[in-house]
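Each value in this text was obtained by applying a stated rule to the coordinates, not by laboratory testing. In this text, all values refer to a predicted model and were calculated from it rather than measured experimentally. Here Cβ is always computed from backbone atoms with ideal geometry, including for glycine, and neighbour counts include all displayed protein chains.
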Amino acid sequence: MENTTLSKRTIAFGLALAVACVVNAIIVVVKEKSEAVMGGMKKVLGHHWTTHSAIVIVLFLALGGLFGLARGGRGVAMTTNSLIGTVLSAVGAAALIIIGFYLFID
Amino acid sequence: MNEIILMAHVLFGVACLVTAAWLFVDVLHANETNLARIRRMSWGAAAFMWLAFLIGGYWYVTAYKVDKAIILKGPWPFAHNMVMETKEHLVIMLLLVATYLPIAAMDNLTKSKDARKLMLWVTAMIALLALAMDGEGAIISMGVKVALLPH
């Protein structure tokens, strides 16, 4: 008998992955457009990219844990197709924002 | 030493790509006999990606400025302005997707069609993103090379 459910951990970290990817793209635009943000990120860990990476990785891990605690510890409820659609859309949109920004705006 | 660091970065990145491609095929045929291997290789793909990321990140932060200056004075400035700028940020997403792989692999792949479907999408994303990073790395190297060629 086929089981069609995903574990709460898989759903939680899948959603965290989607959010972290979009935030990654937003940080790119914000830091490239704001000297103050870029300067601040350079000061925190010595290089803007190191700070950028650390923010996104910590966000992914923290959100994965938080989404797993939703609904009284049962985690976020979501179908597999919705999760896959969300992750693919987020990764695709983030990639397009980053490529589009450096191609057309920066 | 910088060359060794850079080659190690590429080596582990390609190892992640190959492992993801292997996993895609293994997940298509997931059963009780290959489940443990799928999970071990998922951790392996994530480990390869972390090594590629950390080694490449170290090189980028400490040594890339020399290459950057050469590229910007050469005929392919886009190798930095467009390609390196996108690579250094897309690779963070690749790291996250690779980190997610062993998490997704912990589900029961032999009994859940949905878990297998998710794993196939995740491994495909890793392979495609890693291939894109590989191509971008090649363009950046070529940006340095064409700048150093006599014109």
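Taking a ≥ b ≥ c as the square roots of the Cα gyration tensor eigenvalues, region A:8-105 comes out oblate, since a/c reaches at least 1.5 and a/b does not exceed b/c.
Can you sort A:Met78, B:Met7, B:Met119, B:Met41 so the residue with the fewest Cβ neighbours within 10 Å comes first?
On the way: A:Met78 19, B:Met7 11, B:Met119 25, B:Met41 22.
In increasing order of surrounding Cβ atoms, one gets B:Met7, A:Met78, B:Met41, B:Met119.
Segment A:Lys33..A:Thr5, full-extension length gain: 5.8 nm, with 0.36 nm per residue of separation and the alpha-carbon distance subtracted. Note on region B:132-151 and region A:1-70: Cα centroid distance 30 Å, given to the nearest whole angstrom.
Span-like helix criteria (full DSSP H runs; alpha carbon extent of at least 15 Å along the helix axis; mean Kyte-Doolittle hydropathy of at least -0.5) are satisfied in chain B by B:2-28, B:35-62, B:85-105, B:113-148. For A:Ala77, the shell of other residues with beta-carbons less than 10 Å away shows a net charge of +3, using +1 for Lys and Arg and -1 for Asp and Glu. In summary, the lysines within cross-link reach of A:Lys43, defined as a Cα separation below 23 angstrom excluding same-chain residues under 8 places away, comprise A:Lys31, A:Lys33, B:Lys65, B:Lys68, B:Lys87. With R₀ set to 25 Å, the beta-carbon distance separating B:Met106 from A:Leu66 gives a calculated FRET efficiency near 0.85. Exposure proxy for B:Ile139, A:Ile84: other Cβ atoms within 10 Å of each Cβ, ordered fewest to most, give B:Ile139, A:Ile84.
Straight-line cross-link partners of B:Lys117 among the lysines, defined as a Cα under 26 Å from its Cα and at least 8 positions apart when in the same chain: A:Lys8.
Placing a label point 7 Å from the Cα of B:Leu28 along the Cα-to-Cβ direction, the residues of region B:101-138 with a backbone N closer than 13 Å are B:120-121, B:124. Counting neighbouring Cβ atoms within 10 Å and putting the fewest first, the residues B:Met106, B:Met82 line up as B:Met106, B:Met82.
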